[in-house]
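Okay, handing you the structure first.
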Amino acid sequence: MQKINELQLAKELIRFPTITPVDAGVMKFLEKKLKKLGFKTKIIEFKEKGFKSVKNLYARLGTKGPNLCYAGHLDVVPPGNIKDWTINPFRPSVKKGHLIGRGANDMKSSIAAFVSAVSIFLSQNKKFNGSISLLITGDEEGDAVNGTKKVVEYLKRKKEKINFCLVGEPTNPNKLGEMIKIGRRGSLTGKLTIFGLQGHVAYPHRANNSSTIIVKILKELKDIKFDKGTKDFQPSNLEVTKININNTADNIIPAIAEATFNIRFNNKHSSNSIKKRLNKIFVRINKKYKSKFKIDYRVSGEAFLTKPNKTTYMIQNIIKKITKIKPKLSTTGGTSDLRFIKAISPGLEFGLVGKTMHKVDEAVSLKDLKNLKKIYQNILQNYFK
């Protein structure tokens with residue numbers, strides 16, 4: 001069995017300019033690598049009206065349980081102004097012990113580390129009791145409509161059983177080994193539109209100023225104390241992200257005002273309970289000011305917590321053994337695809353240090369990359385012993 005070098009594979013994956021939802025041939029490339037290791041593979045392309053189609057990959061080696069799945073994404077965020085980079089972001093380069101390139105941190109190097117770990121595990125274990133699978137999407141950084149969510153639905157229909165899922169997102173704040181993610185807060189975005197009455201600023205009694213009304217609403221939203229947090233989660237918070245009046249003149253009272261806000265909420269709430277609470281505020285204030293409103297909500301995911309089990313603690317101990325740091329079990333940060341996978345399997349997230357993700361000169365320490373491969377290799381060895 002040919003062993004795959006994690007650094008070489010990471011470089012090869014970074015060379016594909018896979019800005020969401022562009023595939024650029026990367027799924028076929030990875031599929032070919034996995035087939036050589038003996039995996040049965042399927043590239044699944046999903047489409048939905050209003051969204052671009054996305055290619056996803058599910059690969060499995062073995063037919064028996066338990067099935068240990070690794071999940072990740074090959075899409076990346078745009079590089080921004082390429083002139084700000086010291087290299088071409090899609091021509092990876094090693095400098096001062098770091099691999100630089102878009103996706104080096106989030107999260108092509110993690111995928112390379114796992115595939116390398118699998119190749120070493122298979123070279124040492126011709127037979128093992130169970131299955132190894134990979135669930136790789138091209139739609140994590142974007143709308144997440146045609147990615148992991150739909151792959152999970154597809155696996156449900158196929159009655160594919162996953163016993164534990166390891167998501168390779170960059171989970172560590174500063175040092176490899178600091179943090180395992182076992183849950184995430186939910187995310188709800190609201191776009192609020194207020195309809196008042198346009199008029200001359202000198203005659204406010206003949207108008208109904210939508211901007212005044214939306215400011216009052218936003219202040220009330222910001223004053224909400226959702227909770228103080230829980231044992232597992234930080235407090236829920238609401239942030240106003242956009243305010244748009246679209247008024248082209250200084251002497252006109254605007255009829256329409258818009259605002260967008262995002263709420264990150266813990267498991268004391270559901271998206272529906274938050275919507276009900278906010279809707280009461282919108283109705284009350286608009287009734288008082290004789291205005292009308294429209295609210296559009298988009299829920300990226302509900303809050304979730306994966307209860308730690310023996311596999312969680314086994315992984316925690318392996319990380320401690322290799323990095324000399326006992327990782328904290330955390331729910332901090334943004335959303336991840338584990339919010340979809342939890343519907344079919346328990347799991348956790350562990351990957352690289354996330355300091356440079358989405359930044360110019362995104363990079364991964366070669367030492368961290370090698371140690372992550374060792375961690376994944378040890379997880380495989382212990383899971384199937």
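When residues of region 284-304 are filtered for being within 21 Å of ILE274 (Cβ to Cβ) and part of a helix (DSSP H, G or I), how many remain?
Step one: filter region 284-304 for residues within 21 Å of ILE274 (Cβ to Cβ), giving 284-287, 293-304.
Then keep just the ones that are part of a helix (DSSP H, G or I); that gives 284-287.
Qualifying residue count, region 284-304: 4.
Looking only at region 17-29, which residues are surrounded by fewer than 20 Cβ atoms within 10 Å (Cβ to Cβ) and within 23 Å of LEU372 (Cβ to Cβ)?
PHE29
Taking ASN317 and the conditions (1) assigned to a helix (DSSP H, G or I); (2) modelled with pLDDT of 95 or more; (3) within 26 Å of ILE263 (Cα to Cα); (4) in the same structural domain as LYS156 (by TED's automatic domain parsing), which numbered condition does it fall short on, given that it satisfies the others?
(3)
I've got another one for you. Can you name the residue in region 228-250 that is surrounded by 14 or more Cβ atoms within 10 Å (Cβ to Cβ) and hydroxyl-bearing (Ser, Thr, Tyr) and is also nearest to SER330 (Cα to Cα) among such residues?
By that ranking, first place goes to THR230.
If VAL364 passes every condition in (1) assigned to a loop (DSSP other than H, G, I, E, B); (2) β-branched (Val, Ile, Thr); (3) more than 28 Å from ASN266 (Cβ to Cβ) but one, which one does it miss?
Single failed check for VAL364: (1).
Among the numbered criteria (1) surrounded by fewer than 19 Cβ atoms within 10 Å (Cβ to Cβ); (2) in a helix (DSSP H, G or I), which single criterion is violated by TYR376?
(1)
Okay, next question. Go through (1) at pLDDT 95 or above; (2) under 29 Å from ASN56 (Cα atoms) and name the single condition LYS328 misses.
Failed condition: (2).
A further question on this structure: What's the number of the condition ASN262 fails, among (1) closer than 18 Å to THR193 by Cβ; (2) in contact (Cβ under 8 Å) with a residue 40 or more places away in the chain; (3) more than 22 Å from the chain's Cα centre (by Cα)?
(3)
Check region 43-50 and report whether any residue there is touching a helix residue (DSSP H, G or I) at 6+ places or on another chain (Cβ under 7 Å), of a type outside the set (Val, Ile, Thr) and assigned by TED's automatic domain parsing to the domain that holds LEU155. Outline the logic, then answer.
Of the residues in region 43-50, the ones touching a helix residue (DSSP H, G or I) at 6+ places or on another chain (Cβ under 7 Å) are 43-44, 46.
Then drop every residue that is not of a type outside the set (Val, Ile, Thr), which leaves 46.
Add one more test, that the residue is assigned by TED's automatic domain parsing to the domain that holds LEU155, and what stays is 46.
The answer is yes, given that some residue of region 43-50 is touching a helix residue (DSSP H, G or I) at 6+ places or on another chain (Cβ under 7 Å), of a type outside the set (Val, Ile, Thr) and assigned by TED's automatic domain parsing to the domain that holds LEU155.
Right, next: So which of ILE253, ILE315, ILE263 ends up being within 30 Å of ILE375 (Cβ to Cβ) and crowded, with 19+ Cβ neighbours inside 10 Å? Even if it seems obvious, please write down each step before you answer.
On the way: ILE253 fails: within 30 Å of ILE375 (Cβ to Cβ); ILE263 fails: within 30 Å of ILE375 (Cβ to Cβ).
None of the other options fit; the residue is ILE315.
Output the number of residues of region 315-325 satisfying the condition of being more than 15 Å from GLY168 (Cα to Cα) and under 24 Å from the mean Cα position of the chain (by Cα). Show your work before the answer.
Start the filter on region 315-325 by keeping residues that are more than 15 Å from GLY168 (Cα to Cα), which leaves 317-318, 320-325.
Right, trim to under 24 Å from the mean Cα position of the chain (by Cα) and you get none.
Counting residues in region 315-325 that are more than 15 Å from GLY168 (Cα to Cα) and under 24 Å from the mean Cα position of the chain (by Cα) gives 0.
Next question, about the same structure. Specify which of the listed residues (LYS42, LYS32) is at pLDDT 95 or above, assigned to a helix (DSSP H, G or I) and surrounded by fewer than 16 Cβ atoms within 10 Å (Cβ to Cβ).
Details: LYS42 fails: assigned to a helix (DSSP H, G or I).
Only one candidate qualifies: LYS32.
Out of LYS307, LYS228, LYS276, LYS268, I need the residue that is part of a loop (DSSP other than H, G, I, E, B), within 27 Å of the chain's Cα centre (by Cα), farther than 30 Å from CYS69 by Cβ and not aromatic (Phe, Trp, Tyr). Which one? Steps first, please.
On the way: LYS307 fails: farther than 30 Å from CYS69 by Cβ; LYS276 fails: part of a loop (DSSP other than H, G, I, E, B); LYS268 fails: farther than 30 Å from CYS69 by Cβ.
Selected residue: LYS228, the only one of LYS307, LYS228, LYS276, LYS268 that is part of a loop (DSSP other than H, G, I, E, B), within 27 Å of the chain's Cα centre (by Cα), farther than 30 Å from CYS69 by Cβ and not aromatic (Phe, Trp, Tyr).
A further question follows. Within the group ILE194, ILE136, which residue is among the β-branched types (Val, Ile, Thr), surrounded by 21 or more Cβ atoms within 10 Å (Cβ to Cβ) and assigned by TED's automatic domain parsing to the domain that holds ASN266? Give the derivation first.
On the way: ILE136 fails: assigned by TED's automatic domain parsing to the domain that holds ASN266.
Within the list ILE194, ILE136, the selection yields ILE194.
Under 26 Å from GLN124 (Cβ atoms) and surrounded by 18 or more Cβ atoms within 10 Å (Cβ to Cβ) - does that describe any residue in region 285-307? If you could, list the steps in order and put the result at the bottom.
Going through region 285-307, the residues under 26 Å from GLN124 (Cβ atoms) turn out to be none.
Within region 285-307, none of the residues are under 26 Å from GLN124 (Cβ atoms) and surrounded by 18 or more Cβ atoms within 10 Å (Cβ to Cβ).
Let me ask something else. Out of ASN272, ASN244, report the one residue that is without any contact (Cβ under 8 Å) to a residue 12 or more places away in the chain and within 16 Å of THR189 (Cα to Cα).
Values: ASN244 fails: without any contact (Cβ under 8 Å) to a residue 12 or more places away in the chain.
Matching residue, one of ASN272, ASN244: ASN272.
How do the strands (runs of 3 or more DSSP E) wholly within region 64-183 filter down when requiring 2 or more residues that are within 24 Å of ILE319 (Cα to Cα) and polar (S, T, N, Q): which remain?
On the way: elements: 67-73, 93-95, 98-100, 131-137, 164-167, 179-181.
Per the criteria, 131-137.
Looking for something under 30 Å from GLY65 (Cβ atoms), hydroxyl-bearing (Ser, Thr, Tyr) and modelled with pLDDT of 95 or more - is there at least one such residue anywhere in region 332-342?
Residues of region 332-342 that are under 30 Å from GLY65 (Cβ atoms), as a first pass: 335-342.
If we keep only those that are hydroxyl-bearing (Ser, Thr, Tyr) too, we end up with 335-336.
Narrowing further to those that are modelled with pLDDT of 95 or more: none.
For region 332-342, residues under 30 Å from GLY65 (Cβ atoms), hydroxyl-bearing (Ser, Thr, Tyr) and modelled with pLDDT of 95 or more: absent.
The values are calculated or read from the model by the stated rules, or taken from the named source; none is laboratory data. Being a predicted model, the structure only gives us computed values, none of them experimental. Cβ sites come from the backbone with ideal geometry, for glycine too, and all protein chains shown count toward neighbours.
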